[in-house]
Structures are given as structure tokens and as C-alpha cells.
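The values are calculated or read from the model by the stated rules, or taken from the named source; none is laboratory data. Computed from a predicted model, the values in this text were never measured in an experiment. Keep in mind that these areas ignore ligands, DNA and RNA; they rest on the heavy atoms of the full protein, side chains included. Shrake-Rupley method; radii C 1.70, N 1.55, O 1.52, S 1.80 Å.
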Amino acid sequence: MLRTPAHDTRLRILEWLKDPAAHFPPRHGTDLLADGVPGDAVAAKLGLPGPVTDTHLALLTALGLLRSRRIDGRVHYRRDEVRVAEVARMFEKGW
């Protein structure tokens, strides 16, 4: 699922969420690393409509690469580093 025409977008999202403070502005009252990044901030950085970005985020979440959490009515996303490492190992082994 990561090897589709949209895979570059998904890989960029994963890369940005690896170090969210370097890629997203701070949000009052939230810790980007611990709480995650709001979906609308990801959409703004991508320059894509919210529903398109939500589709990418939902797929990454379904694959277990992202964890989502609702904070103040907004869904925040952060990487699941354990799962990302597992998937990386599978690709290294020629999966």
C-alpha cells in the first residue's frame, strides 16, 4: 500500500512526523511529539484538501504506522516507532 502513486505523499508524512517540531509550528497547549500533529496542519503543509489528507492519514493509521488521538475536537497523529521499525525490517528483508 505504500507503493502506489501516492506513496511519496505518505512517505513525506511519515518523515515529517518523525521530527514534528522541525516541520510544524508549535501548538499552544500541546506537545507535538507526545500528542501528535493535527490533521489540518498536515493538510496545510501538503497543500492538499483536508479530505485527501485524511485518506492518507487513515491508511497510515490502518497500517499501524500512525497512532491517532482526539484532542479538543481535532484528530492528532504521531508515528508508532515500533511498527515503523517492523515495516522497515520487512522491506529490508525483501518483502
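Pick from V42, V87: which is open to solvent by less than 80 Å² (accessible area, probe 1.4 Å), at pLDDT below 90 and in a helix (DSSP H, G or I)? Break it down into steps so the answer makes sense when it comes.
Details: V42 fails: at pLDDT below 90.
Checking each option against the conditions leaves just V87.
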Have a look at G64, G73 and point out the one that is open to solvent by 30 Å² or more (accessible area, probe 1.4 Å) and at positive phi.
G73
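Taking the stretch 8-39 on its own, how many of its residues are at positive phi, under 12 Å from the mean Cα position of the chain (by Cα) and open to solvent by 70 Å² or more (accessible area, probe 1.4 Å)?
Filtering the stretch 8-39 for residues at positive phi gives 29, 36.
Then drop every residue that is not under 12 Å from the mean Cα position of the chain (by Cα), which leaves 36.
Within this subset, residues satisfying the condition of being open to solvent by 70 Å² or more (accessible area, probe 1.4 Å) are none.
Qualifying residue count for the region: 0.
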